[in-house]
Each structure stands twice: as structure tokens, then as C-alpha cells.
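Below is one structure, written out as C-alpha cells; comments come after it.
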Amino acid sequence: MPDRIEITINRTKVEAADREPLIDVLRREGIYVPTLCHHDRLEPYGVCRVCMVKVSWGKKSKYVTSCNYPVENGDVFDTESEDVLKVRNMSIEALLGRCPNEKSVVEFAHRHGISKSRFSAQKPGGDDCILCGLCVRVCDEIVGARALGFMSRGPDREVCTPFMENPESCIGCGVCSTLCPTTAMKMEGQKTAILKSRHGDVRPCRYALMGFYPGGVCANSYECRRCDIDQKFRELAAMEGCEHPIFLAREYAGSKKGGGTE
Ligand code: SF4
Ligand code: SF4
Ligand code: FES
């Protein structure tokens, strides 16, 4: 069992495990801090910066991202002062500036009291991708397909999708679009096309490709939404608190823990 330590959050003493991610402590204590790029089943990424809080030690302090900050004995956190909200809201404004027409980003900003941004969009009409990397990471860490990646740098940075290059490794599981917090990653139409073009007349079931029952064949022309097998696995995943059945397949394989985005 990890060593127990004591930290302070918003003037209240709290116990935690040594080097436990701050976001886990905050959630356990019922303290809201927004997250966008974080997912409990994926390695921390710390890129969206909407989860910023202040940590102090005596007179020294700094702002840190709570999703990947490991707590240590004596840390003093501020998650709610005006200064902290200002820093956090700056990150939200930056996202709104990048994606001014993306409904989910606009709504997220509104929920945090932000309706306009000082930052301007780099692409005409704005982007729909916040570069959170959830799709890339889930495809790599959970699916193991590594079909997605980022290309270019700076304002031109974007996710390279399977329907741009149609990589052989994509199994059409669709978890990338399930986790995408915006409308940027759309797999519903594409995954059927990818699977049909990939497998010709011999059509392995998507759930066989995900590792549930090797050798299973699709008798439904990849119309998963109309398939009992798909419904059953989706229900099972929901019962287990998973957004997508692929997490169950990997949990049965004993690889990852539970959780979700907020
Ligand atoms: S559908 Fe699955 S395998 Fe294909 S890119 Fe998305 S997460 Fe990766
Ligand atoms: S496509 Fe979606 S999940 Fe992928 S980086 Fe962009 S916003 Fe995040
Ligand atoms: S940086 Fe912490 S949730 Fe994105």
C-alpha cells in the first residue's frame, strides 16, 4: 500500500497516497476542476490546460495541471480563487479562439462563463479539433492499432485520420470518435467503409477484431447499429461504466483501470 500523506486543498487538510494524481484526489473529495484531454484509462497528457490549479510551498507557488500532477506531502492547493480561475479561463478562451464554431467547445466555454475569446482562429471558420489527443492515445494505448497520429506543428497541427490514409492497422472499432469531445473525429460512416474495403467477402466481426471472439464473422454487412451483438456489447460496456466495449476487451485481458472524462 502506498505511503499516506497529507495535503491541503482550499484550506482543508486531505489525506492522499504519495504521488497520487491530483485529479483523482479532487474527484474523491468532490472538488470540481474541469478536464478535457484527461481520461482515467489513458496515460496523462496535460495538453488542454483547463485543469490548472495553484500549488504552494510556503512563499513559493506555481500553476500546474491537476490531471498529471503527483501530490506530495505538504502540498497546498488552491483550485477556486480568482487568480486560479483567471489562469484556467485563459486556457478555455484559447480553445474557444481555436474552435469558435465548434458547438461542444462553445458550450464548454459557456458553462465556465466565457462567451468570447481574445484569441483568433488560425483556420478560416475555425477548427473543430482541440488537439486533445484522446483519439490518438486511445488508438495507441487501448486498441494497440496506432492508426492515428498528429501531423505538422504549430497552427497547422492536426490529427491524421484513418480515412485520410486508411492505415491497415485500423480495426474500425470507433472508440476514437466515441472519446472525441468535439465533432472532429467522425467514424460512423467511415468505419463501415474501411471494414468493407479491407476485408472483401470474408468479413470478420468488429468484435472479433477487438479481441472478444476470434473467428467471429459479420453477417450484417457491418451495419453494427442493427446488430444484436453490437447492442449486447454496448449494454455490457454501459453496465461496467465504460464508454465503449473495447475497454472491456482490454480489461478482460487485464490491461487497464476504470474511469472517464468530465
Ligand atoms: S477506429 Fe479504432 S483502430 Fe481505427 S483509428 Fe479509431 S481507435 Fe484506431
Ligand atoms: S479529433 Fe477529437 S479526440 Fe482527436 S485530438 Fe481532435 S478533438 Fe481530440
Ligand atoms: S491538461 Fe489536464 S485535463 Fe487537459
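None of the figures in this text is laboratory data; all of them are computed from the coordinates on show. Quick caveat, the model's predicted, so the values are computed rather than measured. Neighbour counts are summed over all protein chains in view; Cβ atoms, including those assigned to glycine, are modelled from backbone coordinates with ideal geometry.
Per-peptide packing, taken as the mean over residues of other Cβ atoms within 10 Å, places 206-217, 33-44 in the sequence 33-44, 206-217 from highest down.
Pull out a ≥ b ≥ c, the square roots of the eigenvalues of the alpha-carbon gyration tensor of the stretch 45-157, then state rounded if a/c is under 1.5, prolate if not and a/b is larger than b/c, and oblate in the remaining case. Oblate.
Entry note, the chain: the mean residue ellipticity at 222 nm calculated from DSSP H runs of n ≥ 4, each adding -39500 (n - 2.57), is -8500 deg cm²/dmol after division by the residues and rounding to the nearest 500.
Near Asn10: Cβ cut-off under 11 Å, other residues only, Lys/Arg at +1 and Asp/Glu at -1. The net charge is 0. Counting 0.36 nm for each residue step from Arg19 to Arg146 and taking away their Cα separation leaves a gain of 42.8 nm. Here the label points at Glu29 and Asn73, each 7 Å from Cα along the C-beta direction, are separated by 1.8 nm in the simple model. For a paramagnetic label modelled on Thr12 (point 7 Å from Cα along Cα→Cβ), amide N atoms under 20 Å away belong, within the stretch 81-112, to 81-85. Neighbour counts of other Cβ atoms within 10 Å put Ser117, Ser66, Ser56 in the fewest-to-most order Ser56, Ser117, Ser66. Relative contact order of the chain, taken over Cα pairs closer than 8 Å and 6 or more residues apart, is 15 percent.
Between Glu240 and Lys86, how high is the FRET efficiency from 1/(1 + (r/R0)^6) when r is the Cβ-Cβ distance and R₀ = 51 Å? Nearest 0.05. After rounding to 0.05, the efficiency reads 0.85.
Antiparallel DSSP bridges in the chain: what percent, to the nearest 5? If I count the DSSP bridges inside the chain, around 90 percent turn out antiparallel. Straightening the chain between Arg157 and Ala193 buys 10.4 nm, computed as 0.36 nm per residue apart minus the Cα-Cα spacing.
Using Cβ point charges alone (K and R +1, D and E -1), the dipole size of the chain about the Cα centre works out to roughly 460 debye. Do you know the Lys pair count in the stretch 1-129 for C-alpha distances under 20 Å, with sequence separation 8 or more or different chains? Count of close lysine pairs: 11. Each of Ser81, Gly174, Gly97 was placed along the dipole of the chain (beta-carbon charges, centred on the mean Cα), and the one lying farthest toward the positive end is Gly97.
Taking Cα atoms, how many degrees apart are the long axis of helix 228-239 and the longest axis of the chain, rounded to 10 and kept between 0 and 90? Taking Cα atoms only, the helix is inclined about 20 degrees.
With the cut-off at 1.5 for a/c, could you classify the chain from its C-alpha gyration tensor as rounded, prolate or oblate? Here the chain falls in the oblate category.
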